[in-house]
1. Quick one: length gained pulling residue 406 to residue 59 fully straight, 0.36 nm per residue minus the C-alpha distance?
2. Angle check, please: helix 304-324 long axis (alpha carbons) against the longest principal axis of the chain (alpha carbons), in degrees 0 to 90, nearest 10.
3. For the chain, what does the equivalent ellipsoid look like in terms of its semi-axes, each the square root of 5 times an eigenvalue of the Cα gyration tensor, given largest first in whole Å?
4. Summing -39500 (n - 2.57) over the DSSP H runs of n ≥ 4 in the chain and dividing by its residue number, what mean residue ellipticity at 222 nm do you reach, to the nearest 500 deg cm²/dmol?
5. Between region 12-26 and region 312-374, what is the separation of their alpha carbon centroids in Å?
6. When a footprinting reagent is the concern and you count Cβ atoms within 10 Å, what order do 3, 144, 389 take, fewest first?
7. Using only the alpha-carbon atoms, how far is helix 185-194 inclined from the longest principal axis of the chain? Give it as 0 to 90 degrees, nearest 10.
8. Taking the Cβ-Cβ separation of residue 337 and residue 117 as r and a Förster radius of 45 Å, what is the calculated FRET efficiency to the nearest 0.05?
Ligand SMILES: *Cc1c(COP(=O)(O)O)cnc(C)c1O
């Protein structure tokens, strides 16, 4: 075992030494003695966020008070932040806005897209999509009736064959939250368009982790969150993308005053802004949006290609470690074997995945569990090193082989898993 560890350690050290993103780790505040492999659920804290939070609280809110809407440009923050997210998702200016959550933004694009379709009401999605995505369609159905919005769920392999002229909207999550399986965005979007279908992509597990080219793929609409790989902090606001070509026809139903063509005219009739601003509903959450704005600066001057390349190296190395430590029989890989077909995570299945995850956390390796039996490891290229990957795999091996996880205290389910 020792010899094996040493050779893996050598591989890790070499990989870390030549890593072009190595210096980015210093931009984050990472707790001592913890290997954090859950950046796909809550990104770690960029140091600069602390300064920004203090400045916004003390100076902007505390001292400059309401004048900050103008002097500190709070009013444009949803656009400013949206434009910082745009290059990360492959979008030209004027199409991305920071606001609300994925759930609420999905409601907007779903309703608006369905309204743009004539005589079609079917929303096609994947059975194992993230629940909130499916719930938002179900909620919309309960509001407008099945004749206007009807959800059809199919398995991953049946998506392409189900694209026909009855479908109004194809709504998919780009990287599956359980398996990490990545869809071919360009191909599916094109196939859908050939049938007159509008396409909505959920980028929750993609933005900040994989290369995206929304404009190039001619995506119609997209939504995403910023607290995962974009490190915006717990509950940080999400984003919405509406392709420029749709902005004049698209109308989302949450007629908030901030989405009005001229909010400060206080007109009693709603008139949607003809720009991406229409997607603002109410007043933006300035505190968390400011922290997110600061967090995004860690992506300044970074090519997403480098992030993707490192992400693939990390996930490949984790699989190599599992295999060389002879864990790959006990822990069945539920992510695709082909690195180009998976996002920045590795999921393995085990009937005691929950207890194993708790035992890992107890020993300083933070991963997470997804029902029913998935142990999920997220690899954030900006702050995860190969040596962390190896040490996590070694500890995982010790826990599994010794059955140290087999204790009552590791089986107690917390509210958040
Ligand atoms: C994390 C996640 C969400 C979360 O939605 P919120 O409204 O931001 O809570 C939605 N969809 C997917 C695919 C996710 O992974």
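The numbers here are math on the coordinates, done by the rules we state, and not lab data. For clarity, every value in this text was computed on a predicted model and none was experimentally measured. Cβ: placed from backbone, ideal geometry, glycine included. Neighbour counts: every protein chain shown.
1. Details: separation 347, 0.36 × 347 = 124.92 nm, distance 5.14 nm.
In short, 119.8 nm is gained.
2. 30 degrees
3. Working: eigenvalues 280, 146, 70 Å².
Equivalent ellipsoid of the chain: 37, 27, 19 Å, largest first.
4. Value at 222 nm, helices only: -10500 deg cm²/dmol.
5. The distance from the Cα centre of region 12-26 to that of region 312-374 comes to 22 Å.
6. Numbers: 3 7, 144 15, 389 28.
Exposure proxy ranking, most exposed first: 3, 144, 389.
7. That works out to roughly 40 degrees.
8. Details: r = 38 Å, r/R0 = 0.84.
The calculated FRET efficiency here is 0.75.
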